[in-house]
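The values are calculated or read from the model by the stated rules, or taken from the named source; none is laboratory data. Given the structure is predicted, the values throughout are model-derived calculations rather than measurements. Reconstructed Cβ throughout: ideal geometry from the backbone, glycine too, with neighbour counts over all protein chains shown.
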């Protein structure tokens with residue numbers, strides 16, 4: 001069982017609010033990822049990190065930002081939430097092998 | 001861009017029967033593939049992987065077949081159980097840090 005955690009699991013918030021989605025892993029993995037996923041649909045990479053102080057944008061353009069100050073922590077922030085941000089956000093990490101371990105996800109609804 | 005896709009968005013299977021989930025990929029240089037299972041409300045969970053130097057790999061009740069000639073990947077589940085109901089994704093390794101995910105096949109097991 002992979003040790004990767006996301007909080008909150010569910011979030012309903014009004015338009016214009018600032019939110020931070022938390023992701024932590026206890027496996028010591030260098031690489032971490034954020035994906036956006038609509039229900040039952042494919043995963044779209046929005047951010048990734050090679051290690052501390054390294055962040056890159058993914059394939060899907062996103063208004064969110066990320067930081068990687070500690071190996072185990074990779075939070076995602078939306079400065080001003082909009083209804084178009086409503087989606088599920090999945091965090092993942094990987095070590096020496098290519099397999100990515102996923103957290104349970106945060107389901108975000110912006111009203 | 002190059003991507004991995006699944007042939008069928010849904011699959012309904014009788015409990016106890018075998019399931020076959022298909023995936024086509026377009027990058028002939030891909031050397032590593034993963035199958036993930038995603039249950040409702042959870043993050044994707046690793047099922048099995050295969051490298052391009054193999055044609056077949058077996059796990060517990062699951063078998064992955066790789067046909068590099070036609071760029072096709074399949075996941076076979078033996079004696080399908082109700083707990084196998086989920087969305088299944090194939091993923092293709094693009095480079096050292098990126099996986100490309102297909103759209104997913106929703107498997108429903110009929111009692």
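Under the condition of being in contact (Cβ under 8 Å) with a residue 12 or more places away in the chain and either at the interface with another protein chain (Cβ under 8 Å from one of its Cβ atoms) or buried (at least 17 other Cβ atoms within 10 Å of the Cβ) (or both), the residues counted in region A:41-54 number 8.
Considering B:91, B:103, the condition of being modelled with pLDDT under 95, in a loop (DSSP other than H, G, I, E, B), within 14 Å of the chain's Cα centre (by Cα) and at the interface with chain A (Cβ under 10 Å from one of its Cβ atoms) is satisfied by B:103 alone. Name the single residue that is farthest from the other protein chains (Cβ to nearest Cβ) among those in region A:86-98 being modelled with pLDDT under 95 and surrounded by 18 or more Cβ atoms within 10 Å (Cβ to Cβ). Of everything passing the filter in region A:86-98, A:94 is farthest from the other protein chains (Cβ to nearest Cβ). Within the set B:77, B:50, the sole residue that is under 30 Å from residue A:30 (Cα atoms) and either touching a helix residue (DSSP H, G or I) at 6+ places or on another chain (Cβ under 8 Å) or modelled with pLDDT of 95 or more (or both) turns out to be B:50. Right, residue B:16: exposed (fewer than 14 other Cβ atoms within 10 Å of the Cβ) and within 23 Å of residue A:60 (Cα to Cα) or not? No; evaluated as a whole, the condition is false for this residue.
Rundown of residues vs (1) without any contact (Cβ under 8 Å) to a residue 60 or more places away in the chain; (2) in a strand (DSSP E or B); (3) within 13 Å of chain B (Cβ to nearest Cβ), yes/no style:
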| position | (1), (2), (3) |
| --- | --- |
| A:24 | yes, yes, no |
| A:29 | no, no, yes |
| A:34 | yes, yes, yes |
| A:39 | yes, no, yes |
| A:61 | yes, no, no |
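The residue that is farthest from residue B:46 (Cα to Cα), among those in region A:102-111 that are crowded, with 21+ Cβ neighbours inside 10 Å and within 8 Å of another protein chain (Cβ to nearest Cβ), is A:105.
Based on what the data block shows, is residue B:98 out of contact with any strand residue (DSSP E or B) (no Cβ under 6 Å at 6 or more places or on another chain) and either surrounded by 20 or more Cβ atoms within 10 Å (Cβ to Cβ) or without any contact (Cβ under 8 Å) to a residue 60 or more places away in the chain (or both)? The answer is yes for residue B:98.
Put simply, of A:83, A:8, A:75 the only residue that is in contact with a strand residue (DSSP E or B) (Cβ under 7 Å, 6 or more places away or on another chain) and either within 13 Å of chain B (Cβ to nearest Cβ) or farther than 20 Å from residue B:42 by Cα (or both) is A:83. Region B:2-76 holds strands (runs of 3 or more DSSP E) entirely within its bounds, and those carrying 1 or more residues that are under 29 Å from residue A:91 (Cβ atoms) and within 11 Å of another protein chain (Cβ to nearest Cβ) map to B:4-6, B:10-14, B:32-38, B:45-51.
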